[in-house]
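Trainee: Please find one structure pasted underneath; my questions will follow.
What follows draws every value from the coordinates through simple rules; no lab data is involved. Since the model is a prediction, treat every value here as computed from it, not as a measurement. Here the Cβ positions follow ideal geometry from the backbone for every residue, glycine too, while neighbour counts run over all protein chains shown.
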Amino acid sequence: MVAIVQAHVFRPRDLVGGHVVIDLVNTVTARDATPIDWIDGYPRLLEWAALTGRFDPADLVALHDLAVAEPAAAARALARTRALREALHDVITALAGKDVPAPPQAVAQVERHWRRAVGGARLAVHGGAVRPRLSVETSGLEYLNHELTLRAVDLLGTLPPDRTRLCPGPRCGWFFIDRSRGNRRRWCDMATCGNAVKGRAHYQRKRQAARAPEDRQAT
Ligand SMILES: [Zn+2]
């Protein structure tokens, strides 16, 4: 995917995916038209991560300091985030489109990220569970990539195909997991895409109604 990179101030309404990994995939918008990548630098990735509320703020501060000290390494880390994001997009597209096998290249790409993430992880005992645990100390600027990869692998194993949907809104292309009780959510966000489509239909109806007298005169 070739996307236009555009500065964007992330807002809560940009997080409609129902899972942090889906929200990462949705940081490229308008995939159905000309894709726009809203993450225009490593600091923006940190802003997005902070907004999700899924990362320890102290880790994000530590990553900010690392990025200031090593801007070239931060740029490389962001390039890997983008590669991970696109591979995840392709896998999720397949999993959401029932009976479509996930493209092997995309799965292999996720696997490469996963190997690196596991390489930075330790098994930690917490309460009654043993889980992989990552840290900024061991992963450095790759910390978010590693975290997002491990969470992505968890998600890809449990993604409900009948509830994973692509928003049909114009210039959207966002995925979301429908967690509503009725399983009838259609839009990423009713307030944006839902209303945009409804508003356009309303406008077209009004325009047709306004034209009707002229059409009658013309015939
Ligand atoms: Zn939408």
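Trainee: Subtracting the Cα-Cα distance from 0.36 nm times the residue separation, let me have the gained length for V5 to A108 in nm, one decimal.
Mentor: The V5-A108 span can extend by a further 34.5 nm.
Trainee: Taking the Cβ of C172 as the center, what net charge do the other residues with Cβ under 11 Å away carry, scoring Lys and Arg +1 and Asp and Glu -1?
Mentor: Neighbour charge sum, excluding C172 itself: 0.
Trainee: Under the classification rounded if a/c is under 1.5, otherwise prolate if a/b is larger than b/c and oblate if not, where does the stretch 1-67 fall, given a ≥ b ≥ c as square roots of the Cα gyration tensor eigenvalues?
Mentor: In terms of gyration-tensor shape, oblate.
Trainee: Same structure again: Using modelled amide H (1.01 Å from N, peptide plane; none on Pro or chain starts), what sits under 5 Å from the amide H of R133, excluding residues fewer than 5 places away?
Mentor: Excluding prolines and chain starts, which carry no amide H, the hits are R122, L123, A124.
Trainee: Do the sum for the chain: with -39,500 (n - 2.57) for every DSSP H run of n ≥ 4, divided by all residues, what is the mean residue ellipticity at 222 nm, to the nearest 500 deg cm²/dmol?
Mentor: -17000 deg cm²/dmol
Trainee: What FRET efficiency comes out for H126 versus D65 if R0 is 30 angstrom and r is the Cβ-Cβ distance? Round to the nearest 0.05.
Mentor: Plugging the Cβ-Cβ distance into 1/(1 + (r/R0)^6) gives 0.70.
Trainee: For the stretch 179-187, what does the Karplus curve 6.51 cos²θ - 1.76 cosθ + 1.60, with θ = phi - 60°, yield as ³J(HN,Hα) per residue in whole Hz, taken in order and with x for Gly and Pro?
Mentor: 9, 6, 4, x, 6, 10, 5, 10, 10
Trainee: Multiplying the sequence separation of A75 and R133 by 0.36 nm and subtracting their Cα-Cα distance, what value in nm do you get?
Mentor: 18.5 nm
Trainee: Calculate one ³J(HN,Hα) per residue across the stretch 57-67 by plugging θ = phi - 60° into the Karplus curve 6.51 cos²θ - 1.76 cosθ + 1.60, and present them in order as whole Hz with x for glycine and proline.
Mentor: For the stretch 57-67, the Karplus curve yields x, 5, 5, 5, 5, 4, 5, 4, 5, 5, 5 Hz.
Trainee: In percent, what relative contact order does the stretch 1-56 have, based on Cα pairs under 8 Å that are 6 or more apart in sequence?
Mentor: Relative contact order here is 42 percent.
Trainee: Between S180 and R163, what is 0.36 nm times their sequence separation minus the Cα-Cα distance? Round to one decimal in nm.
Mentor: 5.2 nm
Trainee: If you don't mind, there's one more thing I want to ask. Name the long-range amide H neighbours of I39: under 5 Å, sequence gap of 5 or more, or other chain; modelled H, no Pro or chain starts.
Mentor: Amide H to amide H, under 5 Å and 5 or more residues apart or across chains, I39 pairs with Q6.
Trainee: Expressed as a rounded percentage, what relative contact order does the chain have, with Cα pairs under 8 Å and six or more residues apart?
Mentor: Once normalised by length, the contact order is 22 percent.
Trainee: Taking amide H positions as placed 1.01 Å from N in the peptide plane, with prolines and chain starts having none, which residues 5 or more places from D32, or on another chain, fall under 5 Å of its amide H?
Mentor: Correct list: C172, G173.
Trainee: Sort 48-61, 20-33 by the packing proxy (mean of other Cβ within 10 Å over each peptide's residues), most packed first.
Mentor: Ranked by mean Cβ neighbours within 10 Å, highest first: 20-33, 48-61.
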